[in-house]
């Protein structure tokens, strides 16, 4: 099996889908001649040319809307819109929330919107407040959108292929901190369906739920906890909307304890929703209230020590696990 | 294109019909007149039904602006696309969507053009290329540009037209889209329906500069103002713009100067403009003006016009009865089509 970086796995998914379907194209800032701000689209412009790998002006709302309108036309066009980061995509939220997410419903199903908005999300390192935001909860709040958050090269490729082939607007959130992460990716084609979570580490004593960058934090905590005889399960929902509720509930029924780790803010987050569902669906199985670790409820500071203090860490996860284990 | 001529001036100058240069059959001319009249009567009836509580929410009437919508849509082909904002009833009717389906949508019924899910501001008919019906000022021009992008991408020679109010040209995204439409040579026509007011705010209080259409100059786009109260003038300028889009794949920005005779929406008491101003525009009523011309050039007789009135009255009555008798959407569709 080939070992690929996440950026290469994403690149492969785009490349293969563009080869398979001439209606697939990618547009965004610096995706073509510059090969992508994070080199995700490396080589695609050379291979497919101006028509299908399209550099845009810096106009997030404008090109997001062009993608949506192109997808809605119903003539076999499936745009991939790269957002250089999700911080910038905030400018396009009107297009995504008011238009992409509602076109199918408002038209009573006349319109389909097969489009993927993808790019890095969440705090990276010392980028300051405007460039360090995890926005998946805002997107997952909106009916009509699908939200996917891959954590490995294998997942990223299989999930993106599912996203591109789906007839709904998909919010695909990556992490610039993870583009260089490596992992095995099979040569043969595979698809990871939307809404399918994955157990990243099996365990019996506690379920740690995490996605994207936080999966690594959770796995590191699990390793440390193992040394103390605590066997943690790490569950990656992979898709946040629709959520793999069944996998989550099954895991919690087994472990009876749960900690959720996310680098978004705590108020009304995806983790809040997951905790609520666990509390209402699996209440009788719980031996402790669900704990939640988030980024601090502040705009992100620049200074390294302050940023570190604001972010979730394996230490914070370990403390939360011990709390739900009453240890 | 920049000079605005009224049909009267045109008539004085020319010893021939205002449409003599346009290759319009009498049948087509009558269809154009009929569409405008149908919109007028449909909207008048919608206002009444709103007053009776049969129609809820916001209801933005097109009365006064009929020539703009009909004149812009009449020269289109069936495989062309139309986007518009929330004042969308008139354009839907001009595109041939049934008055029954439109009225039923206003009534929130399952038989409506959007099955009662969309409402007044969200009329859609993908099969007719009628892409709606959007409620966020300035939000839909990007989608329209996307439609033009898609047809060009797929090598089709369809064009997209995008109606928008003049107030939307003050939104940032409007400029993003004009820039990209020109940069990428998209086959699109932006029809800015300048009715003088963004809700209750006169354009002079909201826009710097006097010549709205010159906003497109910054993008070196073909542009001009047209008398939106004159359906033939609209048809003529649109035909040129459509040709430019279809043959050369180039965008056009048209400022259609028009006027709405009613308030912004049904809840608008209209205290921001004078009765004199409204009366002045009513003298230029697009339907009466065109009707007189049709009579003058013997396309329609007075009795034929009366017959059309009767026909349309019956059609609107039938639409209301249909809407009233139609069922509300069943509760079990509540979660349908959130996802494809």
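Structure notes:
- Positions within segment A:97-118 being touching a helix residue (DSSP H, G or I) at 6+ places or on another chain (Cβ under 6 Å) and either in contact (Cβ under 8 Å) with a residue 12 or more places away in the chain or more than 9 Å from every other protein chain (Cβ to nearest Cβ) (or both), in sequence order: A:99, A:100, A:103, A:111, A:113, A:114, A:115, A:116
- Residue match in segment A:43-53 (condition: touching a strand residue (DSSP E or B) at 6+ places or on another chain (Cβ under 7 Å), buried (at least 18 other Cβ atoms within 10 Å of the Cβ), outside any helix (DSSP H, G or I) and in contact (Cβ under 8 Å) with a residue 24 or more places away in the chain): yes
- When residues of segment B:135-150 are limited to those that are buried (at least 24 other Cβ atoms within 10 Å of the Cβ) and at the interface with chain A (Cβ under 7 Å from one of its Cβ atoms), the one farthest from residue B:178 (Cα to Cα): B:150
- Only one of the numbered conditions (1) within 19 Å of residue A:171 (Cα to Cα); (2) facing another protein chain (nearest Cβ under 10 Å) is not met by residue A:54, and that is (1).
- Screening residue A:37 on (1) assigned to a helix (DSSP H, G or I); (2) out of contact with any helix residue (DSSP H, G or I) (no Cβ under 9 Å at 6 or more places or on another chain); (3) within 16 Å of residue A:120 (Cα to Cα) shows it passes everything except condition (1).
- Residue list for segment B:68-99, restricted to those being away from chain A (no Cβ under 14 Å) and closer than 14 Å to residue B:241 by Cβ: B:68, B:71, B:72, B:73, B:74, B:75, B:76, B:77
- All of B:246, B:205, B:257 fail the test of being surrounded by fewer than 20 Cβ atoms within 10 Å (Cβ to Cβ) and under 23 Å from residue B:75 (Cα atoms), apart from B:246.
- Exactly one residue out of A:184, A:224 is touching a strand residue (DSSP E or B) at 6+ places or on another chain (Cβ under 7 Å), in contact (Cβ under 8 Å) with a residue 24 or more places away in the chain, more than 19 Å from residue A:278 (Cβ to Cβ) and surrounded by fewer than 20 Cβ atoms within 10 Å (Cβ to Cβ), and it is A:184.
- Residues that are away from chain A (no Cβ under 12 Å) and more than 22 Å from residue A:59 (Cβ to Cβ) occur at least once in segment B:151-159.
- Residue within segment B:255-268 that is at pLDDT below 90, touching a strand residue (DSSP E or B) at 6+ places or on another chain (Cβ under 8 Å) and not in a helix (DSSP H, G or I) present: yes
- Yes/no for residue A:179 being in the same structural domain as residue A:79 (by TED's automatic domain parsing), in contact with a helix residue (DSSP H, G or I) (Cβ under 6 Å, 6 or more places away or on another chain) and at pLDDT 95 or above: yes
- Out of A:209, A:230, A:249, A:191, sole residue that is more than 15 Å from the chain's Cα centre (by Cα), in contact (Cβ under 8 Å) with a residue 60 or more places away in the chain and outside the structural domain of residue A:20 (by TED's automatic domain parsing): A:230
- Every listed requirement among (1) within 24 Å of residue A:179 (Cα to Cα); (2) within 21 Å of the chain's Cα centre (by Cα) is met by residue A:94 save one, (1).
- Picking from residues in segment A:282-322 that are touching a strand residue (DSSP E or B) at 6+ places or on another chain (Cβ under 6 Å) and in a helix (DSSP H, G or I), the one that is farthest from residue A:256 (Cα to Cα) is A:316.
- Top-ranked residue of segment A:252-267 - restricted to ones that are closer than 12 Å to residue A:136 by Cβ and either assigned by TED's automatic domain parsing to the domain that holds residue A:87 or out of contact with any strand residue (DSSP E or B) (no Cβ under 8 Å at 6 or more places or on another chain) (or both), ranked as surrounded by the most Cβ atoms within 10 Å (Cβ to Cβ): A:263
- Failed condition for residue A:81, given (1) over 28 Å from residue A:125 (Cβ atoms); (2) in contact (Cβ under 8 Å) with a residue 40 or more places away in the chain; (3) not in a helix (DSSP H, G or I): (1)
- Single residue of B:338, B:299, B:316 found to be in a loop (DSSP other than H, G, I, E, B), in contact with a helix residue (DSSP H, G or I) (Cβ under 6 Å, 6 or more places away or on another chain) and away from every other protein chain (no Cβ under 14 Å): B:299
- Within segment B:155-194, if we keep just the residues that are surrounded by 24 or more Cβ atoms within 10 Å (Cβ to Cβ) and assigned to a loop (DSSP other than H, G, I, E, B), the residue that is nearest to the chain's Cα centre (by Cα) turns out to be B:159.
- From the list A:71, A:92, A:124, the lone residue that is modelled with pLDDT under 95 and either surrounded by fewer than 24 Cβ atoms within 10 Å (Cβ to Cβ) or within 14 Å of chain B (Cβ to nearest Cβ) (or both) is A:124.
For every residue, the table says whether it meets (1) closer than 22 Å to residue A:92 by Cα; (2) touching a residue at least 24 places away in the same chain (Cβ under 8 Å).
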position	(1), (2)
B:154	no, no
B:162	yes, yes
B:181	yes, yes
B:188	yes, yes
B:198	no, yes
B:212	no, yes
B:225	no, yes
B:230	no, yes
B:233	no, yes
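The values are calculated or read from the model by the stated rules, or taken from the named source; none is laboratory data. Since we're looking at a predicted model, the values are computed, not measured. Neighbour counts are summed over all protein chains in view; Cβ atoms, including those assigned to glycine, are modelled from backbone coordinates with ideal geometry.
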